[in-house]
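Accompanying notes for the structure given below.
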Amino acid sequence: MTSYHQPVLCQEAAQALVTDPAGVYVDATFGGGGHSRAILARLGPEGQLFGLDQDPDAPLDCLQDARFHPLRGNFRDLGLLLSAQGVSRPHRPSCGLGGLFPPA
Ligand SMILES: C[S@@+](CC[C@H](N)C(=O)[O-])C[C@H]1O[C@@H](n2cnc3c(N)ncnc32)[C@H](O)[C@@H]1O
């Protein structure tokens, strides 16, 4: 955890979100990466996590994990940002409320 932001309900949110350890997930409000860390802890080796934040001060480089893909930008552009990463529509995560999106 960094001092950027103190995440809340971290384990609870990750437990509810990660239903497939090999799934593709997006944390669209990465902040200090607390929720992303908890998600990664629940993913298997084939799981993927995209972490997105628009704030240039959000430390997207704080997670060194091959399954983690940092993206700088606004989540309103999530579709475009994921397409640029090669995430095709059938694999694209579905959207939900909050900052954490489960896979389709
Ligand atoms: C409450 S913090 C997130 C905390 C994070 N889940 C964690 O575990 O540290 C909210 C973050 O959302 C980002 N944010 C807010 N609106 C955004 C948007 N439209 N697109 C991308 N990031 C956004 C902010 O920059 C901030 O870093």
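Quick rundown of the values:
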read-out: Contour minus Cα-Cα distance for residue 61 and residue 8 (0.36 nm per residue); value: 17.0 nm
read-out: Two-site FRET efficiency, residue 20 against residue 80, from Cβ-Cβ distance with R₀ of 30 Å, rounded to 0.05; value: 0.75
read-out: Overall form of segment 10-101 per C-alpha gyration tensor (a/c, 1.5; a/b vs b/c); value: rounded
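Read the figures in this text as sums done on the coordinates, not as results from a lab. Computed from a prediction, not measured in an experiment: that's the story for all the values here. Counting neighbours? That spans all protein chains shown, and the Cβs are built from the backbone with ideal geometry, glycine included.
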